[in-house]
Amino acid sequence: MSGRPSFEPSREAARRALDGFEEAYGGGAAGLVRAPGRVNLIGEHIDYCGLTVLPMALRRAVWLAYGPRDDSAIRVATEAPGLAACTFEASHAIPPGPTGDWGNYVRAAIQATVPYTEPVVGRGFDAFVASDLPIASGLSSSSALVVASALAWLDTNGVPVGSREKLATRLAEGERYVGTAGGGMDQAACLLGRAGHALAIDFSPLSVRHMPIPSDWRFVIAHSGRAAEKSGAAQDAYNERTREAAAAADVVAAAMKDPAEDRGLDRYRGLLARHRIEDLLSAAAATLGPDPLKRFRHIVTEAGRVRDAVASARDHDLSAMGGAMLASHASLRDDYEVSTPVLDVFVEAATAAGAAGARLTGAGMGGCAIALCESKALDGVLEALMAVEVEREGQSLVFEARADGGAVVYRAGGEGAPATGRP
């Protein structure tokens, strides 16, 4: 097709996005966004507490082909079966679709970035989405869609992205439009990823340290066959965890006579900065009921595991990194109670096949597990995870994961660019 944006020819999902755009709208796309998914190596359910996490951006990605309109309407279609096209008007207050509507992630992106085009609302666009990320897998396909939609909006309106940290923060806040009280890890990993590196992400303000991944380390992802959707009952369970965690922090802070003015989830950073984890756990055990105690214990001990994991990556200590991952999974299973039987089996199967460590990744309650091994053990770990019997819906959902770069905008006739500038 003439006038196509430049992209790596091996990216079949990119081709599907471009072909889908032409079929849906009768012409070639003006641009194409690649927004990667992410896998969290360790640091689960603590980004919304403002605590450090350690994900990496993936080679698998959401691809969004787009072209400008003469009005402020947004029209987005997708190759995903059973999902109707999404159409709405860009504005500062976009009415949401029904709970669970995939188009709400596009609406969230536009509502969050409309202020970039002030004093006018801006031009809308038509778009078509294709992806090689499994949907609702805990690999951040939804946040990748938010990032892709936001970059398409900014490029359509000639607005430079500027600080990617600031955009990631804005989109993290904007994504709460869908009703999930999440943190900022996913958007930051999607926008700030670097090939061959994990990202040690800190919050308030957002900052990233790129950690080289040792050359002999390999990561394997396995999907449980159960969707990890942050909508409906799953969304309620996710938000309930955040409420329990916030209430627990307030109780422990009062018991410790902590002077901080922060409340709820914002307390954790201060508590961990001023007190030893052991002392916090003692105060929690004396003041909290069973469930709040478990939630609090997971958060503060997971923060310690992230610190240890960052040191392990720096020191190329595979065994220590694997041990932190296994301890993280046990805490997510027993204290945060977000694992499933299949995810537990994945962890057992991977370690039995020679993985140094494994854990569920993402919010849990379905989705994926990740395993870490040496390169010489890779084939055995892949085979062991593929042998676990789950409903895979005809897809190959066990694969090696490698760290890749952040979101890129490709324009017709030009090379991909990370879209730098000032918002």
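The values are calculated or read from the model by the stated rules, or taken from the named source; none is laboratory data. Bear in mind that the values here come from a model prediction, so they are computed numbers and not experimental data. Glycine also receives a Cβ, built like all others from the backbone with ideal geometry; neighbour counts cover every protein chain displayed. Only protein heavy atoms, including side chains, enter the accessible area calculation; ligands, DNA and RNA are left aside. Shrake-Rupley method; radii C 1.70, N 1.55, O 1.52, S 1.80 Å.
Here is the figure for the range 222-254: residues that are of a type in the set (G, A, S), in a helix (DSSP H, G or I) and either more than 24 Å from C368 (Cα to Cα) or at pLDDT below 80 (or both) total 10.
Residues considered: A273, A247, A286, A260. Of these, the only one that is more than 17 Å from I46 (Cα to Cα) and open to solvent by 50 Å² or more (accessible area, probe 1.4 Å) is A286. Within the range 283-300, can one find any residue that is of a type in the set (A, V, I, L, M, F, W, C) and touching a Pro at 6+ places or on another chain (Cβ under 9 Å)? Within the range 283-300, one or more residues are of a type in the set (A, V, I, L, M, F, W, C) and touching a Pro at 6+ places or on another chain (Cβ under 9 Å). Taking every residue in the range 19-31 that is within 19 Å of V62 (Cα to Cα) and pairing it with any residue that is open to solvent by 50 Å² or more (accessible area, probe 1.4 Å) and among the acidic types (D, E), at least 6 positions away or on another chain, the pairs with Cβ-Cβ distances below 8 Å are G20/E79; G28/E22; A29/E22. Would you confirm whether any residue within the range 143-155 is more than 23 Å from A303 (Cα to Cα), open to solvent by 10 Å² or more (accessible area, probe 1.4 Å) and in contact with a strand residue (DSSP E or B) (Cβ under 9 Å, 6 or more places away or on another chain)? Yes - at least one qualifying residue is present in the range 143-155. Of all residues in the range 103-142, those being assigned to a loop (DSSP other than H, G, I, E, B), more than 29 Å from G366 (Cα to Cα) and open to solvent by 10 Å² or more (accessible area, probe 1.4 Å) number 6. Just for the range 4-54: of the residues that are at pLDDT below 95, of a type in the set (S, T, Y) and out of contact with any Phe, Trp or Tyr (no Cβ under 7 Å at 6 or more places or on another chain), which one is farthest from G67 (Cα to Cα)? Looking at residues that are at pLDDT below 95, of a type in the set (S, T, Y) and out of contact with any Phe, Trp or Tyr (no Cβ under 7 Å at 6 or more places or on another chain), I get Y48. Please tell me if A384 is within 17 Å of V220 (Cα to Cα), in contact with a strand residue (DSSP E or B) (Cβ under 6 Å, 6 or more places away or on another chain) and open to solvent by less than 30 Å² (accessible area, probe 1.4 Å). Judged against the criteria, A384 is not a match.
Selection of first residues in the range 245-261 that are closer than 15 Å to I299 by Cα and of second residues that are open to solvent by 20 Å² or more (accessible area, probe 1.4 Å) and assigned to a helix (DSSP H, G or I), restricted to Cβ pairs under 6 Å at least 6 apart or on distinct chains, gives the following pairs, ordered by first then second residue: A246/L265; A248/P292; A249/R267; V251/T287; A253/R267.
For the range 94-131, residues that are within 15 Å of R176 (Cα to Cα) and in contact with a strand residue (DSSP E or B) (Cβ under 8 Å, 6 or more places away or on another chain) total 9. For the range 60-69, the set of residues classified as at pLDDT 95 or above and open to solvent by 10 Å² or more (accessible area, probe 1.4 Å) consists of P68, R69, listed by residue number. For the range 318-363, the candidate set comprises residues that are more than 21 Å from the chain's Cα centre (by Cα) and of a type in the set (S, T, N, Q); within that set, the residue that is most open to solvent (accessible area, probe 1.4 Å) is S319. If only residues of the range 289-305 that are within 19 Å of A320 (Cα to Cα) and among the small types (G, A, S) are counted, the one that is surrounded by the most Cβ atoms within 10 Å (Cβ to Cβ) is A303. The one condition from (1) in a loop (DSSP other than H, G, I, E, B); (2) open to solvent by 20 Å² or more (accessible area, probe 1.4 Å) that Y177 does not meet is (1). Among what's in the range 298-342 and is assigned to a helix (DSSP H, G or I) and modelled with pLDDT under 95, pick the residue that is nearest to F399 (Cα to Cα). So, considering only residues that are assigned to a helix (DSSP H, G or I) and modelled with pLDDT under 95, the one nearest to F399 (Cα to Cα) is V342.
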